[in-house]
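Visitor: Following this message is one structure expressed as structure tokens.
All of the numbers you see were taken from the coordinates with simple rules; none came from a lab. Model, not experiment: these values are computed from the prediction. Cβ placement follows ideal geometry from the backbone for every residue including glycine, while neighbour counts extend to all protein chains displayed.
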Amino acid sequence: MKRNVIVGQSGGPTAAINSSLAGVYRTAKDRGADKVYGMLHGVQGLLEEKYIDLSDHIKTELDAELLKRTPAAFLGSCRYKLPEIHEDREVYDKIFAILDKLDIEAFIYIGGNDSMDTIKKLSDYAIITGHPTRFVGCPKTIDNDLALTDHTPGYGSAAKYIGTSMKEIIRDGFCLEYSKGLVTIVEIMGRNAGWLTGAAALAQGEDCEGPDMIYLPEHSFDLVKFRDKVQQILDKKTSVVVAVSEGIRTEDGNYVCELGNSVDFVDAFGHKQLSGTAAYLANYIAGELGCKTRAIELSTLQRSASHAASRVDILEAYQVGGAAVKAADEGDSGKMVVLQRLSDDPYQCGTEVKDVHKIANDEKLVPPEWVTKDGTYVTSDFISYVRPLIQGDVSPVMVDGIPRHLYTPRELSERRRD
Ligand code: F6P
């Protein structure tokens, strides 16, 4: 590499996203890049010329190790949708002028399906205008819904946290006596894909039966059948634990979370904010069955729990960051790095690059055959798929009993302003 690299983070953060950033930085430097810039808040920040020189933040090997263990997007993220090229060329001209000013050879974007839309459009624009900058996507999302890749970095750590938390919640449910029993509903992220919710089944093992039911968004949800099933289980045991996706919908297509208080926020990609499914169902069951209920929304915790990250996930996140730089350095553009599983036992996985046009804006859902016939649990194939991705631990760097992270540029600047 002879010139500079710029990297951005976009979409919902994960516990592994900064490991990819560390992989991009290290590989770019090793391949001879002069400067490695970081866009602050993705392409949205770039348009306002907000960026940093990563060397000012990653000064030592310890900084790099802390970065790998720091959750949430170190550079700051965005949910910014570029206009179609024919709609507004000015935005593109502005971005490319900034890239020229910074002498950028490779543009790496760490993100999910919406973020790959940015790589797709920018690489198309570079072709139209004959611009030499190369654009490569680096996969990331806890939702695990990116097409053409076996899985996405960020998913394994979130799945590990979910499996672990479910197990702890199940244990807690058995310790107190309630006259009509206890029903705990645990709401899990993932929008329209059930990969994360299915990971609740990882709680199952020799010392735990796992959750009683798991509802993925790929299957329509019937409130009355749900109530009856809960009652049947309550007739046999004192505590019922149910994992539900934030994105479950009734047969007529309405999100269950919208049955209660309506949710108004919609992002630039048209995604509604999904929240409140567990609260709605817990209220519904309490009203219908008169038992004690509890609603738990794992929310931010499931994507920021770097203290419980999967070693496989953190290593793969680093690897895909490096692979994205390598691909750009070797001439690829309009591509995304994918993970290719070579074997389950022993687990082996490699990287390849695939056309981003076949990935952007698409959603990979849980295959129907990986869900039980009645739609209330995942199959053993699902569990075998996810199990290798949660293996191993990454010890946090503990200071005074609390994990140490790397201060983000935004925190540093806001702190200085005080
Ligand atoms: O896209 C990842 C994700 O974590 C989804 O699972 C979730 O629905 C969404 O982001 C939440 O986004 P936000 O943090 O913007 O509310």
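Visitor: So if I restrict to the alpha-carbon atoms in the stretch 272-350, what is the Rg, and what is Dmax, the biggest pairwise distance, in Å?
Guide: Both quantities, over Cα of the stretch 272-350: 20.9, 64 Å.
Visitor: How large is log10 I(q)/I(0) at q = 0.13, 0.18, 0.21, 0.24 Å⁻¹ when the Debye formula is applied to the Cα atoms of the stretch 291-395, each weighted equally and without solvent?
Guide: Debye output, listed in q order: -0.72, -1.21, -1.32, -1.30.
Visitor: Over 18 Å, how big is the tail of the calculated P(r) for the stretch 1-48, in percent of all Cα pairs?
Guide: 34 percent
Visitor: When you take every Cα atom in the stretch 1-145, what is the radius of gyration, and what is Dmax, the widest Cα pair distance, in Å?
Guide: My reading of the Cα-based Rg and Dmax gives 14.4, 46 Å.
Visitor: Exactly which trypsin sites (Lys or Arg not before Pro) in the stretch 317-414 are in a DSSP loop and have at most 16 other Cβ atoms within 10 Å?
Guide: In loop regions of the stretch 317-414 (DSSP not H, G, I, E or B), the sparsely surrounded trypsin sites (Lys or Arg not before Pro) are Lys373, Arg404.
Visitor: Enumerate the whole-percent occupancy of each 5 Å bin, from 0 to the last occupied one, for all C-alpha pair distances of the stretch 112-190.
Guide: Whole-percent P(r) values from 0 Å outward: 3, 12, 16, 13, 12, 10, 9, 7, 6, 5, 3, 3, 2, 1, 0.
Visitor: For the chain, what does -39500 (n - 2.57) per DSSP helix run (n ≥ 4), summed and divided by total residues, give at 222 nm, in deg cm²/dmol to the nearest 500?
Guide: When only DSSP H runs of four or more count, the value is -10500 deg cm²/dmol.
Visitor: Please give the per residue volume of the convex hull enclosing the alpha carbon atoms of the stretch 156-301, rounded to a whole number of Å³.
Guide: So the per-residue hull volume is 109 Å³.
Visitor: Sticking with this one: Tell me the Rg and the Dmax, in Å, that the Cα atoms of the stretch 59-200 produce.
Guide: Rg and Dmax of the stretch 59-200, Cα atoms, are 21.2, 72 Å.
Visitor: Now for a different question. Can you tell me what the convex hull of the Cα atoms of the chain projects to on average, as an area in nm²? Please report the intermediate quantities before stating the final value.
Guide: On the way: hull surface 87.8 nm².
Projected over every direction and averaged, the Cα hull of the chain covers 22.0 nm².
Visitor: If amide hydrogens are placed 1.01 Å from N in the peptide plane, which non-local residues have theirs closer than 5 Å to the one on Thr351?
Guide: It is Gln340, by chain and number.
Visitor: Once amide H atoms are placed 1.01 Å from N in the peptide plane, what residues at a sequence separation of 5 or more from Ile110, or on another chain, have their amide H within under 5 Å of its amide H?
Guide: The list, which skips near neighbours in sequence, is Gly8, Gln9, Ser10, Cys138.
Visitor: Next question. Find the percent of Cα-Cα distances in the stretch 166-218 that exceed 18 Å, and round it to a whole number.
Guide: So the pairs more than 18 Å apart make up 38 percent of the total in the stretch 166-218.
Visitor: So for the stretch 156-301, averaging the separation of alpha carbon pairs under 8 Å that are six or more residues apart and normalising by length, what relative contact order in percent results?
Guide: Rounded, it is 31 percent for the stretch 156-301.
Visitor: Taking H as built 1.01 Å from N, whose amide H comes closer than 5 Å to the amide H of Tyr51, not counting residues under 5 places away?
Guide: Here Leu40 satisfy the definition.
Visitor: Test of understanding: ordering Cys175, Cys138 by Cβ neighbours within 10 Å, fewest first, what list do you get?
Guide: The fewest-first ordering by Cβ neighbours comes to Cys175, Cys138.
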